[in-house]
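*Asks:* Take a look at the following structure, please.
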Amino acid sequence: MTREEKAVIIEELSQKFQTTPYFYITDASGMSVDEVNKLRRMCFERGIEYRVVKNTLIKKALESLDADYASFNDGVLKGFSGVMFHPESGKAPAQLIKEYRKTVNTKLQLKGASVDYSLFIGADQLDTLISLKSKNELIGDVIGLLQSPAKNVISGLQSGGNKLAGILKTLSEREEAA
């Protein structure tokens, strides 16, 4: 690979890392061609881009960003590395990795992930990444919590109004009967 080709790949990766807030670095070493093809097919079906890239090119692309990815240099960017990008969800690649490990092959390992510039290093972080809520889910939870007291007050006032109307009606019917 020539320097120009490497520079193009580094530039493409830098753009991808900047525009995609969710990416995972995986280790798929020891997998057969058929197993890798199944992984690529699963990624395609879920809208996840999967690329195998040299660690030095990933490192140079990450260095060109404003965020600090130095902790990836220790253990993440060693050996065979594949990068998964998902434009919308931080947990979609984690769910795919877990499902792939259950159904196809346990050799696929999570080396590290960046979710909204928060770094997760090691395969033991997979369950944590799956349980993460997206920004939209968190906003929805907060709105639901804020609306709950107001809904309780409104329903209390409405039910009290119905009771009051019922009492007044009963009293007026008694007066008319008397």
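*Asks:* Scan the chain and hand back the longest stretch that contains none of the trypsin sites (Lys or Arg not before Pro) lying in DSSP loops with at most 12 other Cβ atoms within 10 Å.
*Replies:* Longest run free of exposed loop sites: 1-77.
*Asks:* To the nearest 0.05, what FRET efficiency results for ARG101 and LEU171 with a Förster distance of 45 Å applied to their C-beta separation?
*Replies:* Efficiency, rounded to the nearest 0.05: 0.05.
*Asks:* Between GLY30, GLY144, GLY90, which gets the highest mean-square fluctuation from a Gaussian network model of the chain, Cα cutoff 10 Å?
*Replies:* GLY144
*Asks:* Let me ask something else. Among LEU146, LEU108, LEU138, which one shows the biggest mean-square fluctuation in a GNM of the chain, springs joining Cα atoms closer than 10 Å?
*Replies:* Most flexible of the set in this elastic network: LEU146.
*Asks:* Modelled label-to-label distance, LYS54 and ASN73, 7 Å Cα→beta-carbon offset: nm?
*Replies:* Going by the 7 Å Cα→Cβ label model, 1.8 nm.
*Asks:* Now for a different question. Place +1 on the Cβ of every Lys and Arg and -1 on the Cβ of every Asp and Glu in the chain, take the dipole about the Cα centre, and give the residue among GLY47, ASN105, GLY90 whose Cα lies farthest towards its positive end.
*Replies:* ASN105
*Asks:* Same structure again: In whole Hz, with x marking every Gly and Pro, tabulate ³J(HN,Hα) for region 46-57 from phi via Karplus 6.51 cos²θ - 1.76 cosθ + 1.60, θ = phi - 60°.
*Replies:* 9, x, 9, 8, 10, 9, 9, 9, 5, 4, 5, 5
*Asks:* Give, in nm to one decimal, the length gained when the segment between PHE44 and ILE154 is fully stretched (0.36 nm per residue of separation minus the Cα-Cα distance).
*Replies:* 34.8 nm
*Asks:* Let me ask you something else. Pulled fully out, how much extra length does the chain show between ASP127 and THR2, if you take 0.36 nm times their separation in residues and subtract their Cα-Cα distance?
*Replies:* Between ASP127 and THR2, full extension yields an extra 41.0 nm.
*Asks:* Could you run the Karplus curve 6.51 cos²θ - 1.76 cosθ + 1.60 with θ = phi - 60° over region 91-106 and give me ³J(HN,Hα) per residue in whole Hz, x for Gly and Pro?
*Replies:* Here the 3J(HN,Hα) series is 10, 4, x, 5, 5, 5, 4, 5, 5, 4, 5, 6, 9, 10, 7, 8 Hz.
*Asks:* Quick one: putting +1 on the C-beta of Lys and Arg, -1 on the C-beta of Asp and Glu, what dipole do you get for region 3-132 around its Cα centre, in Debye to the nearest 20?
*Replies:* 440
None of the figures in this text is laboratory data; all of them are computed from the coordinates on show. Because the structure is predicted, anything quoted here is derived from the model rather than measured. FYI the Cβ positions are ideal-geometry reconstructions off the backbone, even for glycines, and counts take in every protein chain you see.
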